[in-house]
Amino acid sequence: MEEKIKSIEAKINAFAIQSRESLEQFRLQFISKKGEVTALFDELKSATAEQKKWLGKALNELKKLSEEKFRHGQEQLESTLVSKTFDGDLTLPVIPNKSGSQHPLSLTRYRIIEIFERLGFNVEDGPEIEDDWHNFTALNFPENHPAREMQDTFFVEKNPDVLLRTHTSNVQIRLMKNNKPPFRAIMPGRVYRNEAISARAHCFFHQVEGLYVDTNVGFADLKQTLYHFAKEMFGKETKIRLRPSFFPFTEPSAEIDISCLICHGKGCNVCKYSGWVEIAGSGMVHPNVLRNCGIDPEVYTGFAFGMGIERITMLRYSINDLRLFSENDIRFLKQFKPVM
Ligand code: DAH
């Protein structure tokens, strides 16, 4: 027995653990249930009480030796694996955990909020399932007027109409109806339209509405606010242009364009060779809208705007197909900022 212990001890000491395979070999040969050390414990049963005293001790020491050698071998292997991965340079940063990444639309939404918060705008929220009054009527869309068809609506119920909001302008109404002026808020959210899906259109997308109502708010405030936003969002060189437009809830109304980020005004296929890209609709809040919300248009004036988050994100990251935002293709999504 003593001989056996000595010889196994020698074998353990001589065993070279140099790879995962030899580590496993070692485990099988000495530590596992069928290993040599375990087998000696079985023999212990037939020893005399006197023998058991010192044999038990010797076997436990042998067991400890084998386990320590195993653990040490394991640690060595792991550290050589790590240093091999890092090409020997342990000062390199660790391999980052593969956590998820933030959706590009969220990144743009956060950035928009950041810019407007610094101008004193709050963030407001409203329902996606809306009634006709908040989505259309209060916004000065006349009953049965073709203006309603500017936005193809998904109806949940008819008479009385319940629908998926077609724009975030409904939140303007909810905010003004339930609170007292002044208002300075942006309202990001998802909107729905019954449109065929293509690279440029989808049945749902995201907007940010803006509203500023106070005494003495003028068109110059609208222009300066959006100019500031464009420069913060797209860079100092960015120019803006306002084009006359029509929305039932604003008068006058304007479409806001920014100078094309891709060709810097020279003309390319992103700006359709015009040098300008549309980013928002805007205007001075129509007196009827203020009245519908119980606000006196003789005392208060305001401006509003609405922009598409997808459009801004596409410009920001040079993304050319709207469908990428909702397909959840990991190869697309993982290119954006990781979740912290
Ligand atoms: N609601 C409009 C749309 O979805 C966008 C818009 C235009 C919002 C002008 C506004 C605005 O607040 O003043 O097409």
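Here are the numbers for the structure shown:
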| item | result |
| --- | --- |
| Residue in region 159-173 that is under 22 Å from residue 207 (Cβ atoms), surrounded by fewer than 19 Cβ atoms within 10 Å (Cβ to Cβ) and among the β-branched types (Val, Ile, Thr) present | yes |
| Residue within region 123-134 that is open to solvent by 40 Å² or more (accessible area, probe 1.4 Å) and of a type in the set (Val, Ile, Thr) present | yes |
| Region 296-309, residues that are out of contact with any Ser or Thr (no Cβ under 8 Å at 6 or more places or on another chain) and open to solvent by 10 Å² or more (accessible area, probe 1.4 Å) | 296, 297, 298, 308 |
| Boolean, residue 321 is in a loop (DSSP other than H, G, I, E, B), acidic (Asp, Glu) and either farther than 29 Å from residue 169 by Cβ or under 31 Å from the mean Cα position of the chain (by Cα) (or both) | yes |
| Failed item, numbered, when residue 314 is tested on (1) at pLDDT below 95; (2) outside any helix (DSSP H, G or I); (3) open to solvent by less than 70 Å² (accessible area, probe 1.4 Å) | (2) |
| Residue match in region 124-132 (condition: more than 16 Å from the ligand (Cβ to nearest atom), touching a residue at least 24 places away in the same chain (Cβ under 8 Å) and over 26 Å from the mean Cα position of the chain (by Cα)) | yes |
| Options 26, 41: the member that is open to solvent by less than 70 Å² (accessible area, probe 1.4 Å) and more than 30 Å from residue 80 (Cβ to Cβ) | 41 |
| Residues being crowded, with 19+ Cβ neighbours inside 10 Å and of a type outside the set (Asp, Glu) - total across region 185-216 | 15 |
| Which listed residue, of 58, 47, 10, is in contact with a helix residue (DSSP H, G or I) (Cβ under 9 Å, 6 or more places away or on another chain) and part of a helix (DSSP H, G or I) | 58 |
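The values are calculated or read from the model by the stated rules, or taken from the named source; none is laboratory data. Please read all numbers here as calculations on a predicted model, not as lab measurements. Here the Cβ is made from the backbone with ideal geometry for all residues, glycine too, and neighbour counts use every protein chain on show. For accessibility, only protein heavy atoms count, side chains too; no ligands or nucleic acids. Shrake-Rupley method; radii C 1.70, N 1.55, O 1.52, S 1.80 Å.
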